[in-house]
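Trainee: Have a look at this one.
The values are calculated or read from the model by the stated rules, or taken from the named source; none is laboratory data. Computed from a prediction, not measured in an experiment: that's the story for all the values here. Neighbour counts run over all protein chains shown; Cβ positions are idealised from the backbone, glycine included. When the accessible area is computed, the model is the full protein with side chains, heavy atoms only, and any ligands, DNA or RNA have been set aside. Shrake-Rupley method; radii C 1.70, N 1.55, O 1.52, S 1.80 Å.
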Amino acid sequence: MNSTRSWLVFSGGALAYLLAVLQRTTFGVAGVEATDRFAVSAAAISTVVVVQILVYALLQILVGVLVDRLGAPALIIAGAVVMGVGQGLLAFSESYWPALAARVLVGVGDAATFVSVIRLLPSWFDGPLLPQLSQWVGTAGQIGQILSAFPFALLLHAQGWTPAFLAAAGVAVLSAGAGAVLLRSGPERITTAELRTIDP
């Protein structure tokens, strides 16, 4: 507990959540470009965002069950891969319905991340540090929002839709790779039902 290995696992989990929030928020940054690309109204673009959030919310219970059966690292890595596939599909989408399907995939991958990261922490840390780490994970998510609002937006405006979303897909794949290297199930098996967490 609270070892060097623990901090490596925490770093991998926080990075995974930071990059998941980046994937979650990229479409919102690209709203104006999306209305032009798909020739739809702003309301239709807002529907995509709502559907993505709805998918995220509906999957939370299922993710809690799966994380106890499959382990948090597997779900975090799989979530990053699914988000990468979604962003790659979105990069080449030229009509509304494929874009909606792509964002559903992003919502699915995103849903697997936060609960899994929080589930991982009690296996590696104990004492008063544990709730503080949960807050640090939430802070990492806010950094992900900043990255979508600034570097991603700059890339989108400079290079266009496909390169920007392909870059986002590549970041998701890198996140999966980092997770495979850094994330490990802890020495103790703690079920989600035993956790008391706060989703920021």
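Trainee: Hey, what D do you get for the chain in µm²/s if you plug the Kirkwood alpha-carbon radius into Stokes-Einstein at 25 °C and 0.890 mPa s?
Mentor: 145
Trainee: Also, I was wondering about something else. Choose one of Pro128, Ala99, Val55: the residue whose Cα lies farthest towards the positive end of the charge dipole of the chain (beta-carbon charges +1 Lys, Arg; -1 Asp, Glu; about the Cα centre).
Mentor: Going by the charge dipole, the pick is Pro128.
Trainee: Express in Å², to the nearest 10, the accessible area of Asp126 obtained by rolling a 1.4 Å probe over the protein heavy atoms while all chains stay in place.
Mentor: Approximately 80 Å² for this residue.
Trainee: Counting alpha carbon pairs within less than 8 Å and at least 6 residues apart, what relative contact order, in whole percent, applies to the chain?
Mentor: Relative contact order for the chain comes out at 38 percent.
Trainee: With only Lys, Arg, Asp and Glu charged, each at its Cβ (+1 for the first two, -1 for the last two), find how big the charge dipole of the chain is about the Cα centre; round to the nearest 20 debye.
Mentor: Dipole of the chain, to the nearest 20 debye: 260 debye.
Trainee: Only Cα pairs under 8 Å and at least 6 apart count here; give the relative contact order of region 15-107 as a rounded whole percent.
Mentor: It rounds to 37 percent for region 15-107.
Trainee: Once each part is reduced to its C-alpha centroid, what is the distance from region 35-60 to region 68-113 in angstrom?
Mentor: What the calculation gives is 14 Å, centre to centre.
Trainee: Tell me the mean residue ellipticity at 222 nm calculated for the chain from its helices only (DSSP H runs of n ≥ 4, each -39500 (n - 2.57), averaged over every residue, nearest 500).
Mentor: Theoretical 222 nm ellipticity from helices: -25500 deg cm²/dmol.
Trainee: Using θ = phi - 60° and the Karplus form 6.51 cos²θ - 1.76 cosθ + 1.60, what ³J(HN,Hα) does each residue of region 81-91 get, whole Hz, x for Gly and Pro?
Mentor: Residue by residue, region 81-91 yields 5, 5, 4, x, 4, x, 5, x, 4, 5, 4 Hz.
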